[in-house]
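One structure is given below, encoded as structure tokens.
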Amino acid sequence: MPNKVLVAIDGSHCAFQALDVAIREAALRSAFLEILHVVDYGFLKHHQRPTELPSIRAQHVEVSRVLLEKAAKHARDAHVEHSVQLIDEMA
């Protein structure tokens, strides 16, 4: 039996359904839950103003932190031991 469960979230409805399943699995197996979010900067290849990048990055990182905190609260409410990880390629 695994002692860790990993779930990646992106803020979509499907991702939160996956989070629910991951929380249930972690609780059933007394496993540690790792919640992961990757900041997606794919849209930047079409961005015309590089001077705006620091501001755009800060906005995306803040939205990501809020998303992870919401997921962490969901895990805490279920009494599941967990961690959150934010992957930010521009950091």
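One table, with the values for the structure above:
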quantity	calculated
Amide hydrogen neighbours beyond the local backbone of Phe32, cut-off 5 Å, H modeled	Lys4, Val5
Percent accessible area from carbon and sulfur atoms, the chain, protein chains only, probe 1.4 Å	55
For region 1-43, size of Cβ-based charge dipole, Lys and Arg +1, Asp and Glu -1, in debye	200
Of every Cα-Cα pair in the chain, the percent that sits beyond 23 Å	31
Stretchable slack from Tyr41 to Glu62, in nm (0.36 nm times residue separation minus alpha-carbon distance)	6.2 nm
C-alpha long axis of helix 53-77 to longest principal axis of the chain, angle in °	10
The chain, relative contact order in percent, only Cα pairs under 8 angstrom and at least six apart counted	35
Angle in degrees between helix 13-29 and the longest Cα principal axis of the chain, rounded to the nearest 10	30
Order of exposure, largest accessible area first, which applies to Ile87, Ile35 with probe 1.4 Å	Ile87, Ile35
Charge dipole (debye, nearest 20) of the chain; +1 at Cβ of Lys and Arg, -1 at Cβ of Asp and Glu	40
Gain upon complete extension [Ser55, Lys73; 0.36 nm per residue less C-alpha separation]	3.8 nm
Over the chain: helical MRE at 222 nm, DSSP H runs n ≥ 4 each giving -39500 (n - 2.57), nearest 500	-16000 deg cm²/dmol
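The values are calculated or read from the model by the stated rules, or taken from the named source; none is laboratory data. Only a predicted model underlies this, so the values are computations on that prediction, with no experimental measurement involved. No Cβ is skipped: glycine too gets one built from the backbone with ideal geometry, and neighbour counts run over all protein chains shown. These area figures cover heavy atoms from the full protein model, side chains too; ligands, DNA and RNA do not enter into them. Shrake-Rupley method; radii C 1.70, N 1.55, O 1.52, S 1.80 Å.
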